[in-house]
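Written below as C-alpha cells is the structure these notes are about.
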Amino acid sequence: MINWYEKTEQLTKELVNIKSVTEMPGEEQQLADFIEGWYKGLPYFARHPQQVLQFETQADTVRRSSVLAMVKGTKNGGSNKTVILLGHLDTVDVQDYGDAKALATDPDRLPEALQHMGVSQEVLEDLKSGDYMFGRGALDMKAGVAAHMTLIDYFSRHTELLCGNLIAVSECDEEGNSAGIFSALEVLAHLKDEQQLDYIACINSDYSTA
C-alpha cells in the first residue's frame, strides 16, 4: 500500500534538488520538464496523454514553461465541476545561504552545514530534530507542488472516488512578474470552453503565516 505522505515528502525533495531560480536561463524549464515527465509516467496519463500540457510563457525574457495535468473523475457518471490546484515551480535566488549556497538545493546535506553557521538556538534545535526539510523552495513552494502532484497521482488511480475534475497547474515566474500564471489563465480559459468545464474553486497551496 502506498504511503502518500512519504511519497509527497520524497517528491518534495526531488523538486528541491532541481534548482529553479526565477529568470535563470534553463532552470525553471528544467523543472517544468521534470514535472511533465513525472505526470506522463503515471499509468492514467499513458492512457490520456492529451490531459498533460506543457505550454511556454508568452513574450518571455527567457524560455520558460508551465505544466498542467487534469484528471477526470468518473464517480456518479462524472461532472463538469472542476477544482484547480495552483502552485509555482520557481524560487528566489540562493545567495542568502552564504557559504552553504552550494548545498541550498540538497535537503540531505544542508542541515549539517547550517549547524555550523551561527544560527539561533531555536533554528539549531529544528535542524537537529529531523522534523523539518531545509532547502531553497522546500516551503515556498515545492512542497505544495508535490502535494498537488500526489493528489493527481492518487485520483488518477481512483477516478471512481472523484465526482468532477481536478486540474493541477505548476507555473513559472511567480517570484518575478507572474508571467507564468497570465499565460496559464489563457490555457485554462481555452480548456474551459473546449471541454465545457465549470471551475468552482482554485486552491493555492503556497505557505502562509498568521
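The values are calculated or read from the model by the stated rules, or taken from the named source; none is laboratory data. Source: prediction; values computed, not measured. FYI the Cβ positions are ideal-geometry reconstructions off the backbone, even for glycines, and counts take in every protein chain you see. With ligands, DNA and RNA removed, areas are computed over all heavy atoms of the protein, side chains included. Shrake-Rupley method; radii C 1.70, N 1.55, O 1.52, S 1.80 Å.
Can you pull the accessible area of Arg47 for me, 1.4 Å probe, Å² to the nearest 10?
Its accessible surface works out to 150 Å², give or take rounding.
Name the residue farthest towards the positive end of the dipole of region 83-198 from the options Ala168, Gln195, Ser129, assuming +1 on Cβ of Lys and Arg, -1 on Cβ of Asp and Glu, about the Cα centre.
Going by the charge dipole, the pick is Ser129.
Sum -39500 (n - 2.57) across every DSSP H segment of at least 4 residues in the chain, then divide by the residue count to get the 222 nm mean residue ellipticity, nearest 500.
Theoretical 222 nm ellipticity from helices: -11500 deg cm²/dmol.
For the chain, give the magnitude of the charge dipole about the Cα centre (Cβ charges: +1 Lys/Arg, -1 Asp/Glu; no others), in debye to the nearest 20.
920
Express in nm, to one decimal, how much length is gained between Lys128 and Ala189 on full extension, taking 0.36 nm for each residue of separation and deducting their alpha carbon distance. Before the final figure, lay out the partial values.
Numbers: separation 61, 0.36 × 61 = 21.96 nm, distance 4.68 nm.
Fully extending the segment from Lys128 to Ala189 adds 17.3 nm.
Can you pull the percent of region 46-135's accessible area that's carbon plus sulfur, 1.4 Å probe, other chains left in place? Mind showing how you got there, number by number?
Working: 2410 of 4990 Å².
Carbon with sulfur: 48 percent of the solvent-accessible area.
Report the accessible area of Lys19, computed with a 1.4 Å probe over the heavy atoms of all protein chains in place, in Å² rounded to the nearest 10.
Lys19 has an accessible surface of roughly 80 Å² with all protein chains in place.
Quick one: if you take sqrt(5λ) for each eigenvalue of the C-alpha gyration tensor of the chain, what semi-axes come out, biggest first, whole angstrom?
32, 20, 14
Quick one: if the Förster radius is 35 Å, what FRET efficiency do Arg109 and Tyr207 give, using the C-beta to C-beta distance and rounding to 0.05?
With a Förster radius of 35 Å, E is 0.95.
Could you tell me, in Å, what Rg and Dmax come out for the Cα atoms of region 1-121?
18.1, 59
Taking the Cα centroid of region 166-206 and of region 79-113, what is the distance between the two, rounded to the nearest whole Å?
20
Using the Cα centre as the reference, give the magnitude of the dipole from point charges on the C-beta atoms of region 87-172 (Lys, Arg: +1; Asp, Glu: -1; all else neutral), rounded to the nearest 20 debye.
In total the dipole reaches around 220 debye.
Using 7 Å Cα-to-Cβ label points, what is the Asp96/Cys163 separation (nm, one decimal)?
According to this spin-label approximation, the distance is 4.5 nm.
When ligands, DNA and RNA are left out and all protein chains stay put, how many square angstrom of accessible area per residue does the chain have with a 1.4 Å probe?
52
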